[in-house]
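For reference, the structure is listed below as structure tokens.
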Amino acid sequence: MKCPVCGGEASATGKEWKFGQFDAKGYKCGSCAKSFSGYYKAGKLSHTVPKAK
Ligand SMILES: [Zn+2]
């Protein structure tokens, strides 16, 4: 997963949950240390949401 903040390589945190019709996964960037969530619909990445803080 590419980091939406800096474009670096982000790895999955192992956290997964359901959000409406999306499957969400937690990621953390190894370059800028920002956390964000990836939202998947039907197995395809729909959008990412950076975590506040
Ligand atoms: Zn980053």
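One table, with the values for the structure above:
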{"read-out": "Length released on extending from residue 31 to residue 2, taking residue separation times 0.36 nm less the Cα-Cα span", "value": "9.4 nm"}
{"read-out": "Charge context of residue 11, other residues only, Cβ under 13 angstrom, K/R +1, D/E -1", "value": "+4"}
{"read-out": "Tensor-based shape of the chain (alpha-carbon gyration tensor, a/c under 1.5 rounded, otherwise prolate or oblate)", "value": "prolate"}
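Coordinate-derived values only; no laboratory data. Computed from a predicted model, the values in this text were never measured in an experiment. With ideal geometry, Cβ positions are generated from the backbone for all residues, glycine too; neighbour counts draw on all protein chains shown.
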